[in-house]
Amino acid sequence: ISFKRNTKFQTLQDRFGKAEIRKIGANGGSVTFGSVDLGDTNAKGNRKLIKAHQQNATPVFLDVTHQSGEKTRFFGVITSMSEDHPVGVQYPKYGVTMQISHIIELDSSNNLISDKISICGIVDDTRQYLSTT
């Protein structure tokens, strides 16, 4: 599973080189993931089910569990699906791109940490500098 959090920034720099960095917007994003097609593991088959969701533009969600037990739940639509059928006795694979409409974040007990937000976060006017060490 791969995803990127990206935000729109504006940088204003004065003639002395001092810069002011402003967050001016929140970008959407996409998640990419894939799997190995091991055949029909249920009545419809996993690949068949994913393919049906892509063809019908069915709204879906995907949970990603972090090491801490917290989860990020991505809501969106599967916009593309690729299939790979290698030679020999290797298993076929498929890849999926899911366009994200919003996410929610859950703690390890499945309690909400955030409301529905963009994949890159919240846009607000409050700024403060934090130590990175």
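Out of SER30, SER82, which single residue is touching a Phe, Trp or Tyr at 6+ places or on another chain (Cβ under 8 Å), in contact (Cβ under 8 Å) with a residue 60 or more places away in the chain, open to solvent by 40 Å² or more (accessible area, probe 1.4 Å) and under 30 Å from ILE117 (Cβ atoms)? Exactly one of SER30, SER82 is touching a Phe, Trp or Tyr at 6+ places or on another chain (Cβ under 8 Å), in contact (Cβ under 8 Å) with a residue 60 or more places away in the chain, open to solvent by 40 Å² or more (accessible area, probe 1.4 Å) and under 30 Å from ILE117 (Cβ atoms), namely SER30. Within region 85-101, the residues that satisfy the criterion of being in contact with a Phe, Trp or Tyr (Cβ under 9 Å, 6 or more places away or on another chain) and either of a type in the set (Phe, Trp, Tyr) or surrounded by 15 or more Cβ atoms within 10 Å (Cβ to Cβ) (or both) are VAL96, THR97, MET98, ILE100, SER101. Does region 9-27 include one or more residues that are modelled with pLDDT of 85 or more and within 19 Å of the chain's Cα centre (by Cα)? No, every residue in region 9-27 fails to be modelled with pLDDT of 85 or more and within 19 Å of the chain's Cα centre (by Cα).
Restricting attention to region 50-59, does a residue exist that is modelled with pLDDT of 90 or more and assigned to a strand (DSSP E or B)? Within region 50-59, one or more residues are modelled with pLDDT of 90 or more and assigned to a strand (DSSP E or B). Residues that are more than 24 Å from GLY28 (Cβ to Cβ), open to solvent by less than 70 Å² (accessible area, probe 1.4 Å) and not hydrophobic (A, V, I, L, M, F, W, C) do occur in region 54-71, at least one of them. Within region 6-25, residues that are farther than 30 Å from HIS102 by Cβ have Cβ atoms under 7 Å from residues that are open to solvent by 100 Å² or more (accessible area, probe 1.4 Å) and of a type in the set (S, T, N, Q) in these pairs: ALA19/GLN13, counting only partners at least 6 apart in sequence or on another chain.
The values are calculated or read from the model by the stated rules, or taken from the named source; none is laboratory data. Predicted model, so just to flag it, every value in this text is computed and none were measured. As a convention, Cβ positions derive from the backbone with ideal geometry for all residues, glycine included, and neighbour counts pool all protein chains shown. These area figures cover heavy atoms from the full protein model, side chains too; ligands, DNA and RNA do not enter into them. Shrake-Rupley method; radii C 1.70, N 1.55, O 1.52, S 1.80 Å.
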